[in-house]
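Input: a single structure, listed below in structure tokens.
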Amino acid sequence: VGAGPAGLFCALSLAQSHHCTPILLERGQPVESRGKDIGALIHRRTMSEESNFAFGEGGAGTWSDGKLTTRIGRNSRNVRKVLETFVEHGAPEKILVDGSPHLGTDNLVKLLRSMRLELRRLGGEVRFGAKMTKVVINGDKVAGVEVEYSESGERGVIPEGVRRGGTKETLYGDAVVLA
């Protein structure tokens with residue numbers, strides 16, 4: 001749940017493992033549509049409650065200055081894997097050696113789109129306009145989530161038989177990651 005950095009990298013890693021088929025839920029919109037919604041907010045002061053600086057693909061940092069900052073160890077394997085994944089999806093190779101790597105919003109838009117397409121190519125699902133409204137607990141375990149789909153969900157990602165606009169669906173799975 002959540003297509004910010006943690007959710008996107010989690011889903012991509014799971015899909016690459018070929019051990020499961022992740023479903024990534026995001027209440028906001030794909031980065032391309034989100035850019036238009038943020039433009040409307042900045043220039044016309046028209047705010048979409050579900051697609052803005054806080055909600056949408058890439059998370060809150062997508063429209064920041066694009067600096068890559070981490071506090072978990074500059075040379076750790078996990079940090080290196082994130083940087084290498086960005087390079088695989090089109091980031092400049094210099095981020096692998098820069099002391100303060102910087103991507104910028106323009107690069108982030110392209111990278112996020114590429115990562116989403118890779119996730120889908122690997123069999124994962126990405127559903128936009130999909131707001132988690134409830135965590136489903138069975139006994140002492142999380143069993144799934146309840147999702148409400150908005151009118152403005154991306155075309156082609158709502159499962160067959162589920163209508164847009166207030167339609168709820170309960171998804172069950174082996175694990176739920178709230179990112």
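Throughout, read-outs are computed from the coordinates displayed, never taken from laboratory work. Please read all numbers here as calculations on a predicted model, not as lab measurements. Methodologically, a virtual Cβ is constructed for each residue, glycine included, from the backbone with ideal geometry; neighbour enumeration extends over all protein chains shown.
At a glance:
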| read-out | value |
| --- | --- |
| Inter-label distance for residue 42 and residue 172, nm, one decimal - labels placed 7 Å from Cα along Cα-to-Cβ | 4.6 |
| Placed amide H near residue 24: partners under 5 Å, 5+ positions off or other chain | 125, 126, 127 |
| Cβ-Cβ FRET estimate between residue 9 and residue 136, R0 fixed at 35 Å, reported to 0.05 | 0.90 |
| Derived scalar couplings ³J(HN,Hα) [segment 137-151; Karplus, 6.51 cos²θ - 1.76 cosθ + 1.60; whole Hz; x for Gly, Pro] | 10, 10, x, 10, 10, 6, 10, x, 9, 9, 10, 10, 8, 8, 4 |
| Normalised per residue, the volume of the convex hull around the Cα set of segment 12-151 (Å³) | 142 |
| Selection from 23, 43, 56 lying farthest towards where the dipole of segment 21-65 points positive, charges on Cβ | 43 |
| Lysine pair number, Cα distance threshold 15 Å (strictly under), the chain, separation 8 or more or different chains | 5 |
| Highest-first arrangement of 5-15, 80-90, where packing means the average Cβ count within 10 Å | 5-15, 80-90 |
| Hydrodynamic radius (Kirkwood) for segment 1-61, which is based on Cα pairs only, to one decimal in Å | 12.2 |
| Bridge type composition, the chain - antiparallel percent by DSSP, nearest 5 | 80 |
